[in-house]
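The values are calculated or read from the model by the stated rules, or taken from the named source; none is laboratory data. A quick note: this is a predicted structure, and the numbers were derived from the prediction, not measured. For neighbour counting, all protein chains shown are included, and Cβ atoms are generated from backbone atoms with ideal geometry for every residue, glycine included. Accessible surface areas use protein heavy atoms only, side chains included; no ligands, DNA or RNA. Shrake-Rupley method; radii C 1.70, N 1.55, O 1.52, S 1.80 Å.
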Amino acid sequence: MEKFGKSQSVARVEDLRFLTGAGRYVDDIAPADALRAYVLRSPVAHAEITTLDTADAEEAPGVHLVLTGQKMLDAGLDTAMNAVLTKNRDGSSAASPKRPTLAEGRVRFVGEPIAMVIAETLEQARDAAELIVFDYDDLPVCTELGPSNNAIHPEAPNNRAFDFGIGDQAATAKAIESAARVVRLEVTDHRIISNPMEPRAAYAEWSGDRLHFAFGGQGVWGMKEQLSRMLHLDTEQVRVTTPDVGGGFGTKTMPYPEYFAVAHAAMVLGRPVRWFSDRSEAMLSDNAGRDLVTMAEMAFDENNRITAYRLHNLSNLGAYNSQFGQLMQGQLFSRVLTGVYDIPAAYLRTEAFYTNTTQVDAYRGAGRPEANYVLERVMDRAARELGVDPFELRRINFIRPEQFPYPTPSGETYDVGDFRRVLDHAARDADVAGFPARRAASEKAGKLRGLGLGCYIESILGSPSEDVKVEFTEDGALIYVGTQSNGQGHETVFAKFLSDQTGIPAEKIQVVQGDSDLIAGGGGTGGSRSVTVQTNVTLVAVADMVKGFAEFLAPEMGVDAGAVRFDDERFRAEGSNLSPTMIEAAQMAREAGRDDLLTWTAHAQLPARSFPNGAHVAELEIDPETGHVEVARYTVVDDFGNLINPRLAEGQVHGGVVQGIGQALTEVAVHDSEGQLLTASFMDYAVPRAADVPMIAFDVEPVPSTANPMGMKGCGEAGTVGALAAMANAMQDALWAHGVRQVDMPFTPVRVWEMAQGVKQAAE
């Protein structure tokens with residue numbers, strides 16, 4: 001059996017239960033006798049709370065408890081939400097205002113939780129919430145991105161959250177000043193809402209002196225640590241579980257205020273308490289993404305080689321810091337600052353500001369879509385201004401294979417890559433040579449047609465370490481993993497990988513995830529990390545198994561332990577007729593009373609990050625009379641290194657591309673000047689539909705990573721990272737020849753029609 005996986009497309013084992021309605025989501029497993037929680041949320045974006053009277057609500061039928069921020073403080077709880085902070089460019093600490101679990105003294109965005117009502121039924125909780133007296137004095141609302149005198153937090157003058165910088169500022173400035181040509185472009189990356197199929201949900205149970213908290217998340221150990229801290233419990237007193245999760249997209253990575261209120265209520269009442277978000281509530285209160293404006297400058301020499309790249313990024317952090325907000329909008333943007341190009345000098349400055357809009361995090365890629373989107377938009381503009389073919393300009397500037405390992409100006413080191421080979425493959429698959437004929441046919445039909453390229457690179461993020469436990473059963477094995485599936489197919493991948501390494505039939509391996517009592521630790525899922533880190537630690541566990549079983553079997557086989565070999569199917573030794581499988585060896589150990597050989601644990605850390613990369617080619621056809629945009633063709637070629645299951649990788653790419661198409665064509669979160677969300681339902685917020693998405697051509701051009709023993713690179717977010725720029729550059733290509741010099745997403749029919757009218761007027 002071939003080691004490190006066979007790269008076979010195996011059907012997902014999860015799908016039978018998902019497609020037959022047998023999934024086990026939070027709503028399916030919550031205790032039937034659980035009390036129901038309802039959250040009263042702020043109707044205004046910014047105000048001082050003058051009255052918050054819950055007396056009438058507490059006396060309402062069926063009500064057991066009403067929580068407020070003050071009541072949680074009176075109970076002695078630590079009500080401050082976690083936040084990851086960065087440093088300013090001058091070394092000082094970034095602003096660190098408190099984000100309370102429930103509002104304390106002031107509200108700062110529409111939808112901020114003010115109180116939680118716990119009652120026998122959801123209807124009773126809702127009715128009681130209407131009895132809460134909430135009076136307030138309005139404060140000035142700030143929704144503009146940039147410095148403002150309307151301070152949201154005293155700790156943040158002018159609403160600046162942080163001012164982060166990375167790179168060589170002086171060398172970059174010098175290169176730009178002396179360049180033969182400098183291309184400048186302001187790039188807007190608008191706000192979007194993630195909208196997983198399953199909204200956020202949680203329930204909590206208190207039994208004896210132990211808390212069980214279940215939620216739809218992307219990992220259990222961070223939640224366990226924060227529950228312990230905020231509720232003043234020993235970590236051994238807290239068990240966190242996660243069942244099936246209907247989509248995460250990074251939005252479900254971090255804890256939210258409702259979770260801690262639910263857990264506290266269960267402890268106070270001694271009864272299970274459950275809370276489930278509805279769709280509009282989720283749109284108001286879930287962490288959103290993107291929402292930044294970047295001024296980009298790129299310098300070239302006389303041979304069209306890039307000499308410097310400088311970005312000034314204004315980022316909307318929303319009303320508060322979050323567990324990942326500053327990190328995602330700052331440092332993570334810089335991980336792929338220079339993309340796939342050989343850029344001698346680069347500098348990034350990110351200024352982030354608070355606004356009276358919902359808490360914002362850069363989910364769906366943690367800064368990689370944003371960084372690549374800006375870079376590829378500037379490359380496309382440069383090609384047009386320099387009069388160079390966009391594909392050729394990229395080929396001129398790619399990091400060459402012989403330059404690896406390649407240290408970037410932001411401190412990352414790319415291990416391997418062959419970006420030209422990937423691009424050439426994409427150009428062939430997309431039939432770029434046939435595009436002029438297709439454009440001519442569109443023009444003959446009264447349509448506009450554009451072709452856009454988006455090259456990308458991303459780095460796997462999150463913790464580089466992971467845990468695993470393998471436990472042998474009578475006829476198979478359980479593998480306990482530290483990552484958490486949100487629909488990616490982990491049960492299939494990890495069972496198949498362990499099967500490849502041990503010879504245990506995949507159908508006899510059960511994947512167990514999402515239970516802090518069953519495995520010592522784990523990094524959860526996010527940043528395209530799951531398969532790479534989990535398989536890395538699984539290899540360590542398998543190596544320990546092989547060594548342990550070889551020592552056990554040696555006397556039975558009549559040889560020294562060093563003579564026993566395992567060929568991924570059986571243990572063998574020259575001169576011995578005994579050749580047990582791993583399962584048979586485990587059974588022999590069980591019969592011999594060697595229970596120590598039946599459970600194996602491991603913890604391992606990747607030696608370095610890996611860097612998935614690829615090229616996307618989008619082709620759009622536009623009807624100038626209606627503004628309708630059709631994605632006529634879409635082609636992706638990726639370098640994911642070695643793959644375990646190409647079919648699952650392709651599915652991940654398809655999903656990511658659809659997210660990118662959605663942001664490019666239909667999705668946008670809109671707030672009015674008073675901070676009210678105007679797109680708080682699917683009547684107003686347009687996720688992409690089947691008719692908006694073409695057949696997506698997908699292929700791979702692997703260059704195995706040297707940063708891990710499997711040669712993998714990760715792929716979870718790659719589709720979105722490449723899609724944004726490919727779509728926008730295709731739109732720019734369609735309109736450039738007609739005098740349109742600036743195109744900004746989303747390309748809704750109205751916006752495209754307005755740009756097309758400019759084309760028509762110019763023609764007249």
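Structure summary
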quantity	calculated
Members of the range 568-591 that are open to solvent by 60 Å² or more (accessible area, probe 1.4 Å) and in contact (Cβ under 8 Å) with a residue 40 or more places away in the chain	Glu569, Arg570
Filter result for Ala32 (open to solvent by 60 Å² or more (accessible area, probe 1.4 Å), small (Gly, Ala, Ser) and either closer than 23 Å to Pro199 by Cβ or not in a loop (DSSP other than H, G, I, E, B) (or both))	yes
Enumeration of residues in the range 85-104 that are over 24 Å from Ser277 (Cβ atoms) and touching a helix residue (DSSP H, G or I) at 6+ places or on another chain (Cβ under 8 Å)	Leu85, Thr86, Ala94
Some residue of the range 690-707 being out of contact with any strand residue (DSSP E or B) (no Cβ under 6 Å at 6 or more places or on another chain), crowded, with 17+ Cβ neighbours inside 10 Å and among the β-branched types (Val, Ile, Thr)	no
Selection count where residues are open to solvent by less than 20 Å² (accessible area, probe 1.4 Å), under 17 Å from Ser459 (Cα atoms) and part of a helix (DSSP H, G or I), scope the range 495-534	4
Options Phe566, Phe494, Phe552; residue that is within 30 Å of Gln237 (Cα to Cα) and among the aromatic types (Phe, Trp, Tyr)	Phe494
Residue within the range 60-69 that is over 32 Å from the mean Cα position of the chain (by Cα), in contact (Cβ under 8 Å) with a residue 40 or more places away in the chain and farther than 24 Å from Leu131 by Cβ present	no
Subset of the range 265-283 (residues that are out of contact with any Pro (no Cβ under 8 Å at 6 or more places or on another chain), open to solvent by 20 Å² or more (accessible area, probe 1.4 Å) and farther than 20 Å from Thr679 by Cα)	Met267, Val268, Leu269, Gly270, Arg271
Any hit, the range 637-644, residues being buried (at least 17 other Cβ atoms within 10 Å of the Cβ), under 22 Å from the mean Cα position of the chain (by Cα) and farther than 28 Å from Tyr373 by Cα	yes
Matching residues in the range 318-369 - criterion: being in a loop (DSSP other than H, G, I, E, B), modelled with pLDDT of 80 or more and under 26 Å from Ala308 (Cβ atoms)	Leu337, Thr338, Gly339, Val340, Asp342, Ile343, Pro344
Test: residue in the range 482-494 that is within 17 Å of Glu14 (Cβ to Cβ), assigned to a strand (DSSP E or B), open to solvent by 10 Å² or more (accessible area, probe 1.4 Å) and aliphatic (A, V, I, L, M)	no
Tally of residues being more than 20 Å from Ser465 (Cα to Cα), open to solvent by less than 20 Å² (accessible area, probe 1.4 Å) and outside any helix (DSSP H, G or I) across the range 245-264	8
Residues of the range 647-664 that turn out to be in contact with a Phe, Trp or Tyr (Cβ under 9 Å, 6 or more places away or on another chain) and open to solvent by 10 Å² or more (accessible area, probe 1.4 Å), as a count	3
Some residue of the range 289-307 being farther than 19 Å from Asn397 by Cβ, free of Cβ contacts under 8 Å to residues at least 40 places away in the same chain and open to solvent by 10 Å² or more (accessible area, probe 1.4 Å)	no
From Gly548, Gly558, Gly562, residue being small (Gly, Ala, Ser) and over 30 Å from Tyr480 (Cα atoms)	Gly558
Residue check, Asp744 in contact (Cβ under 8 Å) with a residue 12 or more places away in the chain and assigned to a loop (DSSP other than H, G, I, E, B)	yes
Options Ala128, Ala103; residue that is part of a loop (DSSP other than H, G, I, E, B) and either modelled with pLDDT under 95 or under 17 Å from Thr68 (Cβ atoms) (or both)	Ala103
Matching strands (runs of 3 or more DSSP E) fully within the range 548-646 where at least 3 residues are aliphatic (A, V, I, L, M)	613-622, 629-639
Meets criteria (surrounded by fewer than 21 Cβ atoms within 10 Å (Cβ to Cβ) and either in contact (Cβ under 8 Å) with a residue 60 or more places away in the chain or not in a strand (DSSP E or B) (or both)) for Glu236	yes
For Val531: the one exception among (1) under 24 Å from Ile644 (Cβ atoms); (2) free of Cβ contacts under 8 Å to residues at least 12 places away in the same chain	(2)
Criterion: among the small types (Gly, Ala, Ser) and in a loop (DSSP other than H, G, I, E, B) - qualifying residue of Ala37, Ala45, Ala57	Ala45
Selected residue (only one of Asp623, Asp596, Asp639 is free of Cβ contacts under 8 Å to residues at least 60 places away in the same chain and not polar (S, T, N, Q))	Asp596
Filter result for Arg420 (among the charged types (D, E, K, R) and under 23 Å from Ala723 (Cβ atoms))	yes
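Every residue, every condition in (1) among the polar types (S, T, N, Q); (2) closer than 26 Å to Arg394 by Cα, yes or no:
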residue	(1), (2)
Val617	no, yes
Thr626	yes, no
Val636	no, yes
Leu643	no, no
Gly651	no, no
Gly656	no, yes
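Listed here are the residues, each with its yes/no results for (1) within 22 Å of Asn321 (Cα to Cα); (2) modelled with pLDDT under 95; (3) crowded, with 21+ Cβ neighbours inside 10 Å.
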position	(1), (2), (3)
Phe162	yes, yes, yes
Ala179	no, no, no
Glu186	no, no, no
Gly208	no, yes, no
Gln218	yes, yes, yes
Thr242	no, yes, yes
